[in-house]
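Q: One structure, pasted below without further comment.
The values are calculated or read from the model by the stated rules, or taken from the named source; none is laboratory data. Please read these numbers as outputs of a predicted model, since none were measured by experiment. Positions of Cβ are backbone-derived with ideal geometry, glycine not excepted, and every protein chain shown enters the neighbour counts. Areas reflect the complete protein model, heavy atoms only, side chains present, ligands, DNA and RNA absent. Shrake-Rupley method; radii C 1.70, N 1.55, O 1.52, S 1.80 Å.
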Amino acid sequence: MAENMTKQKLPIGIENFEDIRRENFYYVDKTGLLRELLNNWGLVNLFTRPRRFGKSLNMSMLKSFFELGSDAGLFEGLEISEETELCREYQGQFPVVSVSLKDVEADDFITARSRMCSIIGNEALRFGFLAQSEALSDTEKRRYNGLIHTDEQGDFLMSEEVLTGSLLTLSALLHKHYGKKVIVLIDEYDVPLSKANEKGYYDQMVSLIRSMFSRVLKTNSSLYFAVMTGCLRVAKESIFTGLNNIKVLSVTDVRFDEYFGFTDDEVRELLDYYGLSRHYETIREWYDGYHFGDIDVYCPWDVICYCDKLRADDRALPEDYWKNTSSNDVIRHFLEQARGITKREIENLISGGTVTKEINQELTYKDLYSSIDNMWSVLFTTGYLTQRGRPDGKKLTLALPNREIQDIFTEQIGSWFLETARRDGTTLSAFCQAFQEGDAAEVEDRFNEYLRKTISVRDTTARREQKENFYHGLLLGLLGFKDAWYVISNRESGTGYSDILVEIDEEKIGIVIEVKYSESGNLDQECETALRQIRERDYTSMLHDDGMETILEYGLACHGKKCMVKIRRSL
């Protein structure tokens, strides 16, 4: 513990470069991005990467490097500091306008527009000296005041004309004040479009953003260059109309491939620093596997979160940290559209296999869920799928990156299946009734029918208990349909933990279910093993103690889309 106290802190949720450097947080050096950008920049540079891959931190780093008056000491000892000529020419030499649109989300356009005004108004307030600048005319000062004008509640008041021209106005005023062209940074540019598409005001938001971006990025003589980030490359006809100077750098591009996400060497160095190298294989299995350009990378959010947990508890198990940063609705949309061959392709992916698909990285948000072909593209660009090998034109070989994404898919499949099953309450009620009546043949027939309708988990790399957990989860969800039943999972009973216990109080019926996965496909043998385990470990003891008079013991074995059910009535 004493050793941990002397180590740098892990920057969980901290996306401000200056805070990380000043407050002694661990920083994985990505300042080589500056060298590559300065040697290869276009007027407008768009980086598209999945969420939680360091986009916002890199944007903060760019601001700290370029902005006039910035602290050069923040970069001491980092890779870019070795580029003395570049530092001399560019470091601290530019006015920088930096906005993040990740919080422009609301249930309606008026509220979203208000948040846009707030974000840009607060950025304008950073340059309060413009209101008194001797380099600006009275008219130009009034234009600046229009950006920061608020009502009595402190809400920024901008007309449509002022808002759409706000970034252009601010960059023009800074250019005139300093006599230097401006660098514009726009982080998470596509979040407002995503939220607007979900909530039904997409056309209004597209019109607003198109006008704003066109003015600041296309007709702006004060612009030195701009950098934008987002998850998706939105089609030009949607918001980049007429903007021919945009340089898109996506997950398939080799250039800049190592600057978003952690490389294997960077992860090994981090683990070594914190004395966690023994966990390398687990971290690689769970959080590695993304392929950007020509390099494999880890999700940095996951690595940092898990390492922080390991520092407190060396026996901590890995978790699906990434899934909690978004709703994962994209998978649900995908599953709802999946039919026939697509279901088989999903099963193949979960099994560690690949599929080859033509990927379109230029979609409008309205098109995202319009076809199953588009859905493959969305899953790829948002990080649920990654590429294996090099592209063949627009065709990519796709795979699930790692164990974490595999778990997210499996969980979403289970949730989707249960929602679908519960829509037919009559069939589900009959399934539960068969359990209550001890009709093993009927239970088997109906569960087999459910398995034929869902997407099975047959991953050859998964441990047996993982596969059992999938079937356990499906069964648990189905039995939970009966509100009057007391359904318990993994509860200590006898000398172990039974898979599922059910108490039906009115009829004094108790049910114990042990689920097994048969690697060999010998379902009969696994059913017998399950029944024997129930008896040997006395799983029925809790049911007896709770006053259940009739107790049914079920051994249920699964393999792929097949199951077998055997029953024994407890003595």
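Q: Could you please let me know if ASP367 is of a type outside the set (Val, Ile, Thr) and closer than 21 Å to VAL234 by Cα?
A: Yes; evaluated as a whole, the condition is true for this residue.
Q: In the list LYS357, LYS323, which residue meets the criterion of being at pLDDT below 85 and surrounded by 14 or more Cβ atoms within 10 Å (Cβ to Cβ)?
A: None of the other options fit; the residue is LYS323.
Q: Still on this structure, please answer the following. Would you say GLU362 is among the acidic types (Asp, Glu) and either over 20 Å from VAL251 (Cα atoms) or open to solvent by less than 40 Å² (accessible area, probe 1.4 Å) (or both)?
A: no
Q: Would you mind finding the one in SER207, SER221 that is over 25 Å from PHE53 (Cα atoms), of a type in the set (Ser, Thr, Tyr) and out of contact with any Lys or Arg (no Cβ under 9 Å at 6 or more places or on another chain)?
A: SER207
Q: Among the residues of the stretch 83-119, what is the count of those that are open to solvent by 30 Å² or more (accessible area, probe 1.4 Å), in contact (Cβ under 8 Å) with a residue 12 or more places away in the chain and not in a strand (DSSP E or B)?
A: Residues flagged as open to solvent by 30 Å² or more (accessible area, probe 1.4 Å), in contact (Cβ under 8 Å) with a residue 12 or more places away in the chain and not in a strand (DSSP E or B) within the stretch 83-119 amount to 13.
Q: Restricting to the stretch 28-53, give me the number of residues that are open to solvent by less than 30 Å² (accessible area, probe 1.4 Å) and in a loop (DSSP other than H, G, I, E, B).
A: 7
Q: Within the stretch 383-407, count every residue that is modelled with pLDDT under 90 and either β-branched (Val, Ile, Thr) or in a loop (DSSP other than H, G, I, E, B) (or both).
A: Qualifying residue count for the region: 5.
Q: So, one more: Residues TYR259, TYR287: which one is at pLDDT 95 or above and either open to solvent by 10 Å² or more (accessible area, probe 1.4 Å) or out of contact with any strand residue (DSSP E or B) (no Cβ under 9 Å at 6 or more places or on another chain) (or both)?
A: It is TYR259.
Q: Being touching a His at 6+ places or on another chain (Cβ under 8 Å), buried (at least 18 other Cβ atoms within 10 Å of the Cβ) and without any contact (Cβ under 8 Å) to a residue 60 or more places away in the chain: is that true of SER166 here?
A: no
Q: Within the stretch 177-207, count every residue that is within 12 Å of THR164 (Cα to Cα) and buried (at least 23 other Cβ atoms within 10 Å of the Cβ).
A: 1
Q: At negative phi and in a helix (DSSP H, G or I): is that true of GLU336 in this structure?
A: Against the criterion (at negative phi and in a helix (DSSP H, G or I)), GLU336 qualifies.
Q: Hey, GLN387 hits all of (1) within 30 Å of LEU479 (Cα to Cα); (2) in contact with a strand residue (DSSP E or B) (Cβ under 6 Å, 6 or more places away or on another chain) but one; which does it fall short on?
A: Single failed check for GLN387: (1).
Q: Taking the stretch 366-382, which residues are outside any loop (DSSP other than H, G, I, E, B) and either within 18 Å of HIS291 (Cβ to Cβ) or of a type in the set (D, E, K, R) (or both)?
A: LYS366, ASP367, ASP373, TRP376, SER377, VAL378, LEU379, PHE380, THR381
Q: When VAL330 is evaluated against the numbered criteria (1) open to solvent by 40 Å² or more (accessible area, probe 1.4 Å); (2) within 30 Å of SER377 (Cβ to Cβ); (3) of a type outside the set (S, T, N, Q), which criterion, by number, is the only one it fails?
A: (1)
Q: Let me ask something additional. Scan the stretch 296-303 and tell me whether some residue there is open to solvent by 10 Å² or more (accessible area, probe 1.4 Å), out of contact with any Leu (no Cβ under 6 Å at 6 or more places or on another chain), over 26 Å from SER100 (Cβ atoms) and charged (D, E, K, R).
A: Yes, that holds for at least one residue.
Q: Quick one: count up the residues across the stretch 542-563 that are part of a loop (DSSP other than H, G, I, E, B) and either in contact with a helix residue (DSSP H, G or I) (Cβ under 6 Å, 6 or more places away or on another chain) or open to solvent by 40 Å² or more (accessible area, probe 1.4 Å) (or both).
A: Here the count works out to 3.
Q: Condition check: touching a Ser or Thr at 6+ places or on another chain (Cβ under 8 Å), closer than 24 Å to ILE413 by Cα and small (Gly, Ala, Ser). Does GLY560 satisfy that?
A: It is true that GLY560 is touching a Ser or Thr at 6+ places or on another chain (Cβ under 8 Å), closer than 24 Å to ILE413 by Cα and small (Gly, Ala, Ser).
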